[in-house]
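Student: Let me give you the structure first, and then I'll get to my questions.
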Amino acid sequence: MMTRRQASSGILASAALAAGASTVTVAQELKPLDLPPPRGEGGERLTAALKLRRSTREYSDRPLPVQVLSDLLWAAFGINRPSGDRTAPYWRHVMVMDIYVAMADGVWLYEPKAHTLLPHLKDDIRAQTGLQDFVATAPLNLVYVAHGERMTDISSEERRLYASVDTGFIGQNVYLFCASEGLGSVFRAALDGANLARVLRLPAQQFVTFAQTVGYPRG
Ligand SMILES: Cc1cc2nc3c(=O)[nH]c(=O)nc-3n(C[C@H](O)[C@H](O)[C@H](O)COP(=O)(O)O)c2cc1C
């Protein structure tokens, strides 16, 4: 039987393109993960997904197919119009939120314009994305990061507030996508944001808002 790491590696290897420029130097061996175009269709109808939406805290170790990962990230905060705007609304039309994708083989940064995953860290940081045990073994944890430096003329409390609201809309997109595709998910505040920012090597003004686990429900 394949281990989780082997299974995950298989997905990544099959989808990886030639190495491009890394976002951080420690990611030299981690390859960009080129996502297939999002399907933008399929799954349950919205009302059916709303009926199914719930939080899941027990996950199988079954990895996500790369097409599902692509569709998930597009649903989360992908570009849905020629203007470059997104599937979720965002504060003052200022693009503040990044989504980091933590899997067994490393961490990638979702880049919506090219709809690709940029290599960030070649470490398995899943256990550090939250304070609950399942985060360490679930195949995917999304970490939502805000660029505080882009939110000018407002107080730090307002920065947290608007970044949290931006994140909440993305999180609900993820919940509904997961419900429509037979995936489990849970949006999470129970995390050590300062430690996670350090592990992710975020610049001083960027901060973690929330995280969200995704995977196939166990059982
Ligand atoms: C802001 C916010 C923070 C949350 N943080 C956590 C968390 O850290 N851990 C967790 O297991 N669930 C967390 N949840 C999920 C809630 O516990 C869950 O949505 C609620 O109990 C209702 O259950 P349901 O999502 O299954 O309807 C959070 C939800 C929200 C909106």
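Student: Of the conditions (1) over 22 Å from T213 (Cβ atoms); (2) among the acidic types (D, E); (3) touching a strand residue (DSSP E or B) at 6+ places or on another chain (Cβ under 8 Å); (4) open to solvent by 70 Å² or more (accessible area, probe 1.4 Å), E41 satisfies every one except a single condition; which number is it?
Tutor: (3)
Student: On the basis of being closer than 20 Å to A204 by Cα, open to solvent by less than 20 Å² (accessible area, probe 1.4 Å) and either in contact with a helix residue (DSSP H, G or I) (Cβ under 9 Å, 6 or more places away or on another chain) or part of a strand (DSSP E or B) (or both), does A146 make the cut?
Tutor: It is true that A146 is closer than 20 Å to A204 by Cα, open to solvent by less than 20 Å² (accessible area, probe 1.4 Å) and either in contact with a helix residue (DSSP H, G or I) (Cβ under 9 Å, 6 or more places away or on another chain) or part of a strand (DSSP E or B) (or both).
Student: Looking at L118, L176, L131, can you tell me which residue is under 14 Å from the mean Cα position of the chain (by Cα), hydrophobic (A, V, I, L, M, F, W, C) and open to solvent by 30 Å² or more (accessible area, probe 1.4 Å)?
Tutor: L118
Student: Of (1) loosely packed, with under 14 Cβ neighbours inside 10 Å; (2) within 16 Å of the ligand (Cβ to nearest atom), S156 satisfies all except one. Which?
Tutor: Result: S156 passes all but (2).
Student: Taking only region 28-56 into account, find how many residues are of a type in the set (K, R) and either away from the ligand (no atom under 16 Å from the Cβ) or not in a loop (DSSP other than H, G, I, E, B) (or both).
Tutor: 4
Student: Evaluate the following for L117: is it closer than 20 Å to P63 by Cβ and more than 16 Å from the ligand (Cβ to nearest atom)?
Tutor: yes
Student: Restricting the search to region 78-98, which residues are more than 22 Å from E158 (Cβ to Cβ) and either hydrophobic (A, V, I, L, M, F, W, C) or in a strand (DSSP E or B) (or both)?
Tutor: The one that is more than 22 Å from E158 (Cβ to Cβ) and either hydrophobic (A, V, I, L, M, F, W, C) or in a strand (DSSP E or B) (or both): I79.
Student: Tally up the residues in region 109-128 that are in a strand (DSSP E or B) and out of contact with any helix residue (DSSP H, G or I) (no Cβ under 9 Å at 6 or more places or on another chain), please.
Tutor: 3
The values are calculated or read from the model by the stated rules, or taken from the named source; none is laboratory data. This is a predicted model, so every value here is computed, not measured. Here Cβ is always computed from backbone atoms with ideal geometry, including for glycine, and neighbour counts include all displayed protein chains. Quick note on the areas: whole protein, heavy atoms, side chains included, nothing else; ligands and nucleic acids left out. Shrake-Rupley method; radii C 1.70, N 1.55, O 1.52, S 1.80 Å.
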